[in-house]
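Data block below; observations after.
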Amino acid sequence: MSPFIVIEGIDGSGKGTQARLLKERLEDLGRNVVLTSEPTKGPIGKMIREHLSNPFLDDESLSLLFAADRIEHLEKEIRPIMSPDTFIISDRYVYSSIAYQGQKVDMEWVGEINKYADRPDLAILLDIDPKLGERRMRDRGDELEYFEEDRSFQEDVRKAFLHLSRGQNQPESLKTKWLVVDAALDKSEIQDRIWDVVSNMV
């Protein structure tokens, strides 16, 4: 099976940057790397993105859509390319659903509807203060979605991610190895800390 790595964290934590840097580092060693993300660019992912820009779904329906998008992600993009010589890196995965949707609906239920998702080999949490995350997004000119402007919500999501990194609030089938990195550090230092762990998988 492919080494499967997921990068998690609240908005503005630098997930996309670190996913790209890790991909480049692995490719420099001659490894095949596929970089993907959630929500996907498929029809379900598109509906989710439309909701995030202009909310029109109830919380339960949104949770189910994320779970459906994840199954489609696995079936169409991840499982078909799994092989021992290909690294798969996902910018967000099932733990984002538990952390985010779990603030609006029962967290155990969110875990239950996602329990058949593939277990990654490593989950990386980029932990950051929501104030700094929001500042980063504004500095790069991002148009904030409704939940990104709610600092209290982002703080609750941050706490949920930290609980997940300790093996809490998730089905047994999704428990995996976690690496928690201070995302307030310089991006090169963050990448070095990630590489200290990922290099053992090469």
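The values are calculated or read from the model by the stated rules, or taken from the named source; none is laboratory data. It should be emphasised that the depicted structure is a prediction, and the values quoted were computed from it without experimental measurement. Ideal geometry is used to build each Cβ from the backbone, glycine not excepted, and the neighbour counts take in all protein chains shown.
For this structure, a couple of remarks:
- Test: GLU60 is in a helix (DSSP H, G or I) and in contact with a strand residue (DSSP E or B) (Cβ under 6 Å, 6 or more places away or on another chain): no
- Restricting segment 39-59 to residues that are among the hydrophobic types (A, V, I, L, M, F, W, C) and free of Cβ contacts under 8 Å to residues at least 24 places away in the same chain, the residue that is surrounded by the fewest Cβ atoms within 10 Å (Cβ to Cβ): PHE56
- Pair list, Cβ under 7 Å, 6 or more apart: segment 177-195 residue within 20 Å of HIS163 (Cα to Cα), other residue surrounded by 15 or more Cβ atoms within 10 Å (Cβ to Cβ) and among the hydroxyl-bearing types (Ser, Thr, Tyr): TRP178/SER165; VAL180/SER165; ALA183/SER13
Results for (1) in a loop (DSSP other than H, G, I, E, B); (2) farther than 13 Å from GLN18 by Cβ, shown as yes or no for each residue.
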residue: VAL105; (1), (2): yes, yes
residue: LEU132; (1), (2): no, yes
residue: GLN154; (1), (2): no, yes
residue: PHE161; (1), (2): no, yes
residue: GLN170; (1), (2): yes, yes
residue: LEU185; (1), (2): yes, no
residue: GLU189; (1), (2): no, no
residue: ASP192; (1), (2): no, no
residue: ASN200; (1), (2): no, yes
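- Filter result for GLN154 (surrounded by 21 or more Cβ atoms within 10 Å (Cβ to Cβ), over 14 Å from the mean Cα position of the chain (by Cα) and under 30 Å from ARG79 (Cα atoms)): no
- Only one entry in THR40, THR17, THR36 is modelled with pLDDT of 95 or more, of a type in the set (Val, Ile, Thr) and assigned to a helix (DSSP H, G or I), namely THR17.
- Residue, modelled with the lowest pLDDT, within segment 60-93, restricted to residues that are loosely packed, with under 13 Cβ neighbours inside 10 Å and acidic (Asp, Glu): ASP85
- Qualifying residues in segment 1-41 (those that are in contact with a Lys or Arg (Cβ under 7 Å, 6 or more places away or on another chain) and among the small types (Gly, Ala, Ser)) - the one nearest to PRO120 (Cα to Cα): SER37
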